[in-house]
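Heads up, the thing below is written out as structure tokens.
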Amino acid sequence: MQSVGDMREESGAAREQAGAKARAATASRAAGKHAGGRRPGGNRTREAILDAARTCFAERGFDATSMRRIAEAAEVDQALVHHFYGSKENLFLQALELPGRIQEALADAARGEREGVGERMVRAHLTVWDDLSARPALMTMVRSAAIHRAAAARLRETATTILTRALSGVVTGEDVMLRSSLVATQLIGLALMRYIALLEPLASADTETVVRCYGPAVQAIVEG
């Protein structure tokens, strides 16, 4: 017959074993290694979460997007989303980071003669928006700018930094900042109505038709 001490010792060992199993299961879930076809942990999971967040924020906006929804879209546990990014606010800020090729595309379009720069800028702008890998970040920024301070700040930064730098060689004069911001307004407004509001027939018009019709408006601002 077991003594009371032996029974207590066995009971304590059982509890410790159960606790160890629970901790192992938690660690496995945090690493994304549990069953059910979930993604493995690591950089790929972090990138998958960020891609899913951009898509969700672009489609639903900041307020209507939950961490749970992002986790479902990324096919990971919600705990992993918190593990990699902490809060929804921080994840949103990461989602606002724009691909570097946006700045490169606009800078390339602005190089060369002033004549025709309006059409080149519109074409470059639409080409970037038509890139499905870049569009979620752009849509997140533009869609959220009216209601989220960080998105508005990022949109202003894009307008005053990226576009002004790109246009520095072709837009000159005392009102250069004003005219650069007006070009930004034209391009952002175009993207808003074409890709977010889906205004027809603009939304389904081919790129070159839009470039031909809209380029002169941007050119007029460049010319001053």
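The values are calculated or read from the model by the stated rules, or taken from the named source; none is laboratory data. Since the structure is predicted, the reported quantities are computational estimates derived from the model, not experimental observations. FYI the Cβ positions are ideal-geometry reconstructions off the backbone, even for glycines, and counts take in every protein chain you see.
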Can you tell me which residue among A79, A71, A95, A64 is modelled with pLDDT of 90 or more and under 18 Å from the mean Cα position of the chain (by Cα)? A71
State which residue pairs qualify: first residue at pLDDT 85 or above and inside region 34-54, second residue hydroxyl-bearing (S, T, Y) in any location, beta carbons under 9 Å apart, and separation of 6 or more residues or different chains. R46/Y85; I49/Y85; L50/Y85; D51/S133; A53/T65; A53/Y85; A53/T140; R54/T140
Among the residues of region 192-207, how many are among the polar types (S, T, N, Q) and either in contact with a Leu (Cβ under 7 Å, 6 or more places away or on another chain) or more than 20 Å from A58 (Cβ to Cβ) (or both)? 1
If T140 passes every condition in (1) in contact with a helix residue (DSSP H, G or I) (Cβ under 6 Å, 6 or more places away or on another chain); (2) without any contact (Cβ under 8 Å) to a residue 60 or more places away in the chain; (3) under 25 Å from R46 (Cα atoms) but one, which one does it miss? (2)
R123 meets each of (1) at pLDDT 85 or above; (2) over 22 Å from the mean Cα position of the chain (by Cα) with one exception, condition (2)
Residues of region 120-150 classified as of a type outside the set (G, A, S) and more than 18 Å from I162 (Cα to Cα), total: 8
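Residue by residue, here is whether (1) within 18 Å of R60 (Cβ to Cβ); (2) modelled with pLDDT under 85; (3) basic (K, R) holds:
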position	(1), (2), (3)
A137	yes, yes, no
S144	yes, yes, no
T160	no, yes, no
G169	no, yes, no
V183	no, no, no
Using the structure shown, decide if L187 is at negative phi, crowded, with 20+ Cβ neighbours inside 10 Å, in contact (Cβ under 8 Å) with a residue 24 or more places away in the chain and not β-branched (V, I, T). yes
Out of all the residues in region 117-132, which are farther than 15 Å from E104 by Cβ and crowded, with 24+ Cβ neighbours inside 10 Å? V117, G118, V122
Count, please, the residues in region 55-64 that happen to be without any contact (Cβ under 8 Å) to a residue 40 or more places away in the chain and surrounded by 23 or more Cβ atoms within 10 Å (Cβ to Cβ). 1
Looking at S180, S168, which is the one that is small (G, A, S) and touching a Ser or Thr at 6+ places or on another chain (Cβ under 6 Å)? S180
Among the listed residues G215, G189, identify the single one that is more than 24 Å from the chain's Cα centre (by Cα) and either among the hydrophobic types (A, V, I, L, M, F, W, C) or assigned by TED's automatic domain parsing to the domain that holds E115 (or both). G215
